[in-house]
Amino acid sequence: MDSIYDLGANNGQNLKYYLSKSKKVFALEANPVLVERIRKNFYSELSSGALTLINKCLTNVEGGGYVDFYVNKYSSGLSRLDRKSTRLNSSHRIR
């Protein structure tokens with residue numbers, strides 16, 4: 001494969017596998033804490049250009065403006081764009 005796109009890369013738990021299967025991996029992650037973790041853990045892959053890390057979220061919002069993203073305090077995999085789908089007081093909002 002030429003490229004793999006990991007939309008919602010989370011902690012980067014699948015990136016090693018994707019990098020072994022493709023020449024180029026694009027990882028998209030909205031949570032800046034997780035982005036920094038991936039940067040630390042995949043420094044050489046990022047430096048070589050095999051991995052591109054993008055700290056954004058993919059939405060259907062027209063105009064590409066900023067959106068609210070709700071980071072779950074207990075489990076990063078439960079973070080969402082929609083606060084209604086998160087438990088009350090279990091997340092904090094980032095932009």
- request: Please specify each residue of the range 33-58 satisfying the condition of being closer than 19 Å to R93 by Cα, in contact (Cβ under 8 Å) with a residue 12 or more places away in the chain, of a type outside the set (A, V, I, L, M) and exposed (fewer than 15 other Cβ atoms within 10 Å of the Cβ).
  value: K56
- prompt: Just for the range 32-77: of the residues that are under 10 Å from the mean Cα position of the chain (by Cα) and part of a loop (DSSP other than H, G, I, E, B), which one is modelled with the highest pLDDT?
  reply: N55
- prompt: Looking at (1) open to solvent by 80 Å² or more (accessible area, probe 1.4 Å); (2) of a type in the set (G, A, S); (3) closer than 18 Å to N72 by Cα, which is the one condition that is false for A30?
  reply: (1)
message: Pairs please, first residue from the range 19-31 and at pLDDT below 95, second anywhere and in a strand (DSSP E or B), Cβ atoms under 7 Å, 6+ apart in sequence or on different chains.
response: A30/F69; N31/V71
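The values are calculated or read from the model by the stated rules, or taken from the named source; none is laboratory data. These figures come from a predicted structure and were not determined experimentally. Quick reminder, even Gly has a Cβ in these numbers, built from the backbone with ideal geometry, and neighbours come from all protein chains shown. Just the protein is used for accessible areas: all its heavy atoms, side chains included, with ligands, DNA and RNA removed. Shrake-Rupley method; radii C 1.70, N 1.55, O 1.52, S 1.80 Å.
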